[in-house]
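Undergrad: Attaching a single structure in structure tokens format; questions to follow.
The values are calculated or read from the model by the stated rules, or taken from the named source; none is laboratory data. All values reported here derive from a predicted model rather than from experimental measurement. Note: ideal-geometry Cβ built from the backbone for every residue, glycine included; neighbour counts use all protein chains shown. For accessibility, only protein heavy atoms count, side chains too; no ligands or nucleic acids. Shrake-Rupley method; radii C 1.70, N 1.55, O 1.52, S 1.80 Å.
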Amino acid sequence: MFTLYIGNKNYSSWSLRPWLAMRHFDIPFRESRVALYQADSASKLRAVSPSGKVPVLRDGELVVWDSLAIGEYLAERYPEFGLWPGNARQRALARAVSAEMHSGFTALRSQMPMNLRASLPGCGHTPEVLADIARITEIWASLRAQHAAHGDFLFGPFCYADAMFAPVVTRLATYGVALDGAAAEYAAAVLALPAMVEWREAALAESEVIAAAEPYARPA
């Protein structure tokens, strides 16, 4: 059986991505959570991850790190699940938008860190962040316009591209970003996924506070 090493569910956006896909497609795995930013976190991460980061997927002797690489490996192991779209052109687009999410939107990442327990409307709404959000919602609206007849997600049925954007959906909710039209409908569909609901409930039950992920915390 696979083992998936993840970080704190409240904060670890990269961990959410493969976890969500594996839960959604009922791929069996053991979950091993490494609490981040603790005194022993670095040593625990180095013991399971060549990069010292999560997520990490272990399949016997094979270790796969990085959320996008994990998605590619799972798609090869389980082609019947459709982690990427079946059509070659759609598959290329799904990989392109996933790679853009993987390497881009640095303003959004830094100014709106994932934090499912928080409600911070208006925080982090810098011009650079709003430009990132405009590009993201452009991607969502364009793909939904093409594939709305086939399902509620970017390419119709849920695929790994949706897992890549799932942490952004939570960020926009946390920071009170108003959505409308196709973007609002898409975000609602992601949040309503049973696997997403399960992750969120677990995140809300966590007690650790990571100061680096709480840039808008007010002094007591």
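Undergrad: Residues of the stretch 78-94 being free of Cβ contacts under 8 Å to residues at least 24 places away in the same chain and either of a type in the set (Phe, Trp, Tyr) or assigned to a helix (DSSP H, G or I) (or both), which ones? Before you say what the answer is, go through the steps one by one.
TA: Step one: of the stretch 78-94, the residues free of Cβ contacts under 8 Å to residues at least 24 places away in the same chain are 79-80, 86-89, 91-92.
79, 80, 88, 89, 91, 92, listed by residue number.
Undergrad: Please work out which one of (1) in contact with a strand residue (DSSP E or B) (Cβ under 6 Å, 6 or more places away or on another chain); (2) surrounded by fewer than 20 Cβ atoms within 10 Å (Cβ to Cβ); (3) within 27 Å of residue 80 (Cβ to Cβ) is the condition residue 51 fails and give its number.
TA: (3)
Undergrad: Taking the options 14, 84, name whichever one is aromatic (Phe, Trp, Tyr) and over 15 Å from the mean Cα position of the chain (by Cα). Steps first, answer last, please.
TA: Values: 14 fails: over 15 Å from the mean Cα position of the chain (by Cα).
Exactly one residue qualifies, and that residue is 84.
Undergrad: Further question on the same structure: Taking the stretch 21-51, which residues are under 24 Å from residue 212 (Cα atoms) and either of a type in the set (Asp, Glu) or under 18 Å from the mean Cα position of the chain (by Cα) (or both)?
TA: Filtering the stretch 21-51 down to residues under 24 Å from residue 212 (Cα atoms) leaves 32-51.
Across the stretch 21-51, the qualifying residues are 32, 33, 34, 35, 36, 40.
Undergrad: Identify the single condition in (1) of a type in the set (Lys, Arg); (2) in a helix (DSSP H, G or I); (3) open to solvent by 10 Å² or more (accessible area, probe 1.4 Å) that residue 17 does not satisfy, given that it satisfies every other one.
TA: Failed condition: (3).
Undergrad: Look through the stretch 77-113, keep the residues that are within 19 Å of residue 166 (Cα to Cα) and among the basic types (Lys, Arg), and return whichever of them is least open to solvent (accessible area, probe 1.4 Å).
TA: 109
Undergrad: Against the condition at pLDDT 95 or above and at positive phi, how does residue 104 come out, does it pass? Write out each step before concluding.
TA: On the way: at pLDDT 95 or above: yes; at positive phi: no.
No; evaluated as a whole, the condition is false for this residue.
Undergrad: Is there any pair with a first residue in the stretch 116-144 that is of a type in the set (Lys, Arg) and a second that is modelled with pLDDT of 95 or more whose Cβ atoms are under 6 Å apart and which are 6 or more apart or on different chains, and what are they?
TA: 117/10; 117/204; 144/182; 144/186
Undergrad: Restricting attention to the stretch 165-220, which residues are of a type in the set (Gly, Ala, Ser), closer than 25 Å to residue 130 by Cα, part of a helix (DSSP H, G or I) and open to solvent by 30 Å² or more (accessible area, probe 1.4 Å)? Step through it out loud before you land on a result.
TA: Quick first cut of the stretch 165-220, residues of a type in the set (Gly, Ala, Ser) only: 166, 173, 176, 178, 181-184, 187-189, 192, 195, 202-203, 205, 207, 211-213, 217, 220.
Then keep just the ones that are closer than 25 Å to residue 130 by Cα; that gives 166, 173, 176, 178, 181-184, 187-189, 192, 211-213, 217.
Still in the list and also part of a helix (DSSP H, G or I): 166, 173, 181-184, 187-189, 192, 211-213.
Answer for the stretch 165-220, where residues must be of a type in the set (Gly, Ala, Ser), closer than 25 Å to residue 130 by Cα, part of a helix (DSSP H, G or I) and open to solvent by 30 Å² or more (accessible area, probe 1.4 Å): 173, 181, 182, 184, 188, 192, 211, 212.
Undergrad: Give 116, 130, 74 a once-over and let me know the one that is under 18 Å from residue 216 (Cα atoms) and either in contact with a Ser or Thr (Cβ under 8 Å, 6 or more places away or on another chain) or crowded, with 21+ Cβ neighbours inside 10 Å (or both).
TA: Numbers: 130 fails: either in contact with a Ser or Thr (Cβ under 8 Å, 6 or more places away or on another chain) or crowded, with 21+ Cβ neighbours inside 10 Å (or both); 74 fails: under 18 Å from residue 216 (Cα atoms).
None of the other options fit; the residue is 116.
Undergrad: Now a separate question. Could you count how many residues in the stretch 24-40 are of a type in the set (Gly, Ala, Ser) and either at pLDDT below 95 or touching a helix residue (DSSP H, G or I) at 6+ places or on another chain (Cβ under 6 Å) (or both)? Before you say what the answer is, go through the steps one by one.
TA: Within the stretch 24-40, the first condition is being of a type in the set (Gly, Ala, Ser), and the residues that meet it are 32, 35, 39.
Going one step further and asking which of them are either at pLDDT below 95 or touching a helix residue (DSSP H, G or I) at 6+ places or on another chain (Cβ under 6 Å) (or both), we end up with 35, 39.
Residues meeting the conditions: 2.
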